[in-house]
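Please treat every number below as a calculation from the coordinates, not as lab data. Keep in mind that this is a model prediction, so the values were computed, not measured. For neighbour counting, all protein chains shown are included, and Cβ atoms are generated from backbone atoms with ideal geometry for every residue, glycine included.
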Amino acid sequence: MRRTRSTHNQPKKPNQNNNEKIYYIIIGILLVVLLAIVIFIFLNRDTATDLDESNLEPETTEIVDVEESEDTEEDTETQNETDDSETEDETETDTDSDTEEDTDEVAEEAEPETDETEEEADTDEETEDDTAETDSDYEVTEDAPLDESHQVDYADGSSDRVAIANAASAVTGINSSEMITNWVGNDGPGRIFTIVSNTSQSQVYRLTMQYGEGQWHVTGVQELDSVPSEFN
């Protein structure tokens, strides 16, 4: 009996060759991809390293700048404290010197005031002495010396009018600041009469005077009830 070979189970060589080619192609592609990945990783790593280095430099610079600024601030604070202490010392010194100068000035000013007080006291004593002498000079003297050639100056503020007013104030006791001279008239050669009163006219006097030996002498005093109408 003749066997017939079946060709169905026989492998096909051309197909196997194609499959092997495909496998090699795939392996080659994988190798290329893997190589590309490796190259990409290395390139990125170098770039990251460069970036890290470039980023580190400014940070280092900033740190150095911060340290320098801190040192500068500390130096500035130290200098300011030193300046403040020197200023305080100078202020205290100036204050002390100003206080001493003020004390000296006060002492100097106090001395003139003392001198002025002494001068015022002396002046008051001299005034009192002069007043006493004036009071003693102007007394009622009926037989006083007479100079009939003396020409009386009746003008207000003249030396004769001032001397007459002083004599009337001294004899009557009316203060010169409160005394009113109502009249000054001629009473003969070298003689006058005057009517004086206080401001309220509660004291009214008629005085006669005559000039002799360089001054006025009161020769008579008469107290009146009121100022005569003809002399108002």
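Residues considered: Ser176, Ser229. Of these, the only one that is more than 23 Å from Ser159 (Cβ to Cβ) and of a type outside the set (Asp, Glu) is Ser229. What about Gln201, is it under 57 Å from the mean Cα position of the chain (by Cα), surrounded by fewer than 18 Cβ atoms within 10 Å (Cβ to Cβ) and in contact (Cβ under 8 Å) with a residue 24 or more places away in the chain? So Gln201 fits the description; yes.
Residue count for the range 182-203, restricted to those that are of a type outside the set (Ser, Thr, Tyr) and touching an Asp or Glu at 6+ places or on another chain (Cβ under 7 Å): 4.
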